[in-house]
Amino acid sequence: MYTLVYSINNEKNPKTVYINLTNACTNSCIFCLREQKDDVCGKDMWHDDNYTLDDIITQFKEFANSAEEVVFCGYGEPFLKKDMMKDFCLYLRKNYPQIKIRVNTNGHANAIYKTNVAEEFKKLIDSASISLNAANADDYNEICKPKISNAYEEMKKFVTACKTAGIDVTTSIVTGFDNIHDIDVNKCQEISKNLGAKFKIREFITNGY
Ligand code: SF4
């Protein structure tokens, strides 16, 4: 069976548990681990989306006793499996209400579905880490190679939509992935602040998240 649920470094009793819902994404970031390797900490992350909610639950149960936080992350954009994500959130809320739920997302969901996805998830996720990745649209397009139009602005609008839905939002940038792209960290921080979000700099790590 595919890796749908995993822990960093294959920890046996992890507090944070990661969910790998899909390999599809509306970005193709130049630092994306998918371009460089097939695994996170030895777990093969490729699959074809051919699984059921029960498959996720079965794998999750291996970690359920220690889990304090569940993060939708993995080798793709989690919101592209929005309905599966919603069903698993509902399962967690019902059976493990103490567990916090976070999504790591590229922030394209509202643009993709042309509806307010943030509002749909307002009671289902506690926090969102949204990839800002650049200080302007030109840099974003170069770094993230989005497959949707106006992606940078759409991503920022999604930050606002999540904030409005009462979701705790952190925007993030990745640094240290090559010697070519000089991310304007201060400008990114200012943009994040103006959007009312927290801000995180993630050093590129080869093991992945
Ligand atoms: S948004 Fe995430 S999954 Fe998608 S290409 Fe970028 S790093 Fe990879």
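The values are calculated or read from the model by the stated rules, or taken from the named source; none is laboratory data. Only a predicted model underlies this, so the values are computations on that prediction, with no experimental measurement involved. Please note: Cβ atoms are built from the backbone with ideal geometry, for glycine as well, and neighbour counts cover all protein chains shown.
Numbers below:
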item	result
Qualifying residue in the stretch 80-90 (condition: under 18 Å from the mean Cα position of the chain (by Cα), in a loop (DSSP other than H, G, I, E, B) and within 13 Å of the ligand (Cβ to nearest atom))	no
Listing of helices (runs of 4 or more DSSP H) fully contained in the stretch 102-209 that carry 3 or more residues being surrounded by fewer than 13 Cβ atoms within 10 Å (Cβ to Cβ)	185-194
Search result, residues across the stretch 172-198 that are over 16 Å from residue 126 (Cβ atoms), touching a residue at least 40 places away in the same chain (Cβ under 8 Å) and not charged (D, E, K, R)	172, 173, 174, 177, 181, 183, 188, 191, 192
Scope the stretch 1-21; condition crowded, with 20+ Cβ neighbours inside 10 Å and either under 26 Å from residue 134 (Cβ atoms) or away from the ligand (no atom under 16 Å from the Cβ) (or both); matching residues	5, 7, 17, 18, 20, 21
The stretch 1-57, residues that are of a type in the set (Gly, Ala, Ser) and either assigned to a helix (DSSP H, G or I) or at positive phi (or both)	42
Test for residue 72: is it surrounded by 20 or more Cβ atoms within 10 Å (Cβ to Cβ) and farther than 30 Å from residue 114 by Cβ	no
Residue selected from the stretch 49-75 under the condition at pLDDT below 95 and within 16 Å of the ligand (Cβ to nearest atom), by the criterion nearest to residue 28 (Cα to Cα)	75
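Per-residue answers, yes or no, for (1) touching a residue at least 60 places away in the same chain (Cβ under 8 Å); (2) under 24 Å from residue 93 (Cα atoms); (3) touching a Lys or Arg at 6+ places or on another chain (Cβ under 7 Å); (4) within 16 Å of the ligand (Cβ to nearest atom):
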{"site": "118", "(1), (2), (3), (4)": "no, yes, no, no"}
{"site": "123", "(1), (2), (3), (4)": "no, yes, no, no"}
{"site": "126", "(1), (2), (3), (4)": "no, yes, yes, no"}
{"site": "129", "(1), (2), (3), (4)": "yes, yes, yes, yes"}
{"site": "134", "(1), (2), (3), (4)": "no, no, no, yes"}
{"site": "140", "(1), (2), (3), (4)": "no, no, no, yes"}
{"site": "146", "(1), (2), (3), (4)": "yes, no, no, yes"}
{"site": "154", "(1), (2), (3), (4)": "no, no, no, yes"}
